[in-house]
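The values are calculated or read from the model by the stated rules, or taken from the named source; none is laboratory data. Nothing here was measured: the structure is a model prediction, and the numbers come from that model. All Cβ positions, even for glycine, are placed from backbone atoms using ideal geometry, and neighbour counts span all protein chains on display. To get the accessible areas, we keep the full protein, side chains included, count just its heavy atoms, and leave off ligands, DNA and RNA. Shrake-Rupley method; radii C 1.70, N 1.55, O 1.52, S 1.80 Å.
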Amino acid sequence: MNYLRFTEKMMPDASALLAQRHIRNRVELPELPVRFETMSETVKAIETLQTKQSTSGFAALRDGKLIAYLIGETIVQPWGRCGYIYLPGYGLAKGENPEIIQDLYALLGEEWNQKGCFHHYTYICAADKDIVETWFNLGFGKERVDALSDLRSAKIPEVEMPAGISLRRVVKGDNDYLSSLSDTIWRHQTKAPRWHPMTPEEIMEQPEGWAGIADTESDMAYLAFEAKEVVGSIAFYVQEETVDDMTTPPHCRYMTAAATKESVRGRGIGTALTWYGLKQIRESGDEYCLTNWQSANLLATRFWPRFGFKPVAFRLARLIDPNIAWAK
């Protein structure tokens, strides 16, 4: 076994490994896009990673044959310098020991640490349970869940509207209604056990972002009202297929801005909004709906699977003690 730096010459073999992995993944998760079962698509996904200036990677070869690879990039986030491995960034030949991924991470992670990147993240297909366990054994934890709902087979019930609640589609001019809900999610995310801080700068950006939903005609967004007060929202925008997005199938929308004011939770408003919205996008011709949530957000973790959302990928995270930069 040899561990070498990933090079462009390894691209064809890595593309084959990625296509084979995706074929195996789709046995358990047929909702995933079929296009990545072909090398013509996986090579473009890996090339997209390789074109980034901060990308580096390592490969495992046995007798000159590529059996695994790991590619990641370093970026700066508001909370620090980070290293990320995305879904096209890993491959392991069928039947090989997942511990090979650990060896590759040891090489890549050491590079990240030397650059001062102590926040380490990796995206893993939910079907790769043995590889997920391998990362857990390295000290990573599950942070985010990406999930798909197959609307073609979803059993959407008739929406029972809670007493005193009405729903309607967002129209131009609803900017203020949406803006008034912009603190609903982030305030919940700051509470236990999520404890996600929001800086003043980030808080200032929220109202404008939410208000903008009303200005995008292709979005299908809905509001819930009690009398004249807006109490909830949900939005679905067209999710475009890209060369490196391995979770988005054709005819897919992304669900976002799903919020219910804390004062009215528990009355079925969020449930009514969700079922109503899913029904509307299915009737418009969409076949899938994609969303994500933080696994420590217990309301989301327990709520969204009820609507047919099946985990298709996880983001795992590890924070390295920065004292390793000098305390050796």
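So the values come out like this:
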item: Mean separation of Cα contacts under 8 Å (6+ apart) over length of the chain, as relative contact order %; result: 22 percent
item: Residues in region 27-59 reached by a label modelled at Glu96 [backbone nitrogen below 12 Å; 7 Å Cα→Cβ]; result: 58-59
item: Two-site FRET efficiency, Phe225 against Arg81, from Cβ-Cβ distance with R₀ of 25 Å, rounded to 0.05; result: 0.05
item: P(r) histogram, all alpha-carbon pairs of region 1-76 included - 5 Å bins from 0, percent; result: 3, 16, 24, 21, 18, 12, 5, 0
item: Förster radius 35 Å - calculated FRET efficiency between Thr190 and Arg5 (Cβ-Cβ, nearest 0.05); result: 0.25
item: Shape category assigned to region 246-309 from the gyration tensor of Cα positions, a/c cut at 1.5; result: oblate
item: Share of Cα-Cα pairs in the chain lying beyond 25 Å, as whole percent; result: 56 percent
item: Considering only region 59-143, percent of DSSP beta bridges that pair antiparallel, nearest 5; result: 75 percent
item: Distance (nanometres) between label positions extended 7 Å along Cα→Cβ at Gln280 and Ile23; result: 4.2 nm
item: Full-extension gain in nm, Ser153 to Leu299, via 0.36 nm per residue minus C-alpha separation; result: 50.1 nm
item: The chain - share of DSSP beta bridges that are antiparallel (%, nearest 5); result: 90 percent
item: Residues Thr38 and Arg267, FRET efficiency given R0 of 45 Å [Cβ-Cβ distance, rounded to 0.05]; result: 0.40
item: Region 210-328: radius of gyration and largest Cα-Cα distance (Dmax), Å; result: 17.8, 64
item: Nearest-10 value in Å² for the accessible area of Thr134, using the 1.4 Å probe; result: 10 Å²
item: Karplus (6.51, -1.76, 1.60) ³J(HN,Hα), θ = phi - 60°, over region 162-169, in Hz, Gly and Pro reported as x; result: x, 4, x, 10, 10, 10, 7, 6
item: Degrees separating the helix 99-114 axis from the principal Cα axis of the chain, which is the longest one; result: 80 degrees
item: Diffusion constant of region 152-242 at 20 °C, which comes from Stokes-Einstein with the Kirkwood Cα-pair radius and 1.002 mPa s, µm²/s; result: 142 µm²/s
item: Close Lys-Lys pairs in region 1-122, where close means Cα under 20 Å and separation is 8 or more or interchain; result: 6
item: Residue of His119, His188, His22 that the Gaussian network model of the chain assigns the largest fluctuation, springs spanning Cα pairs under 10 Å; result: His188
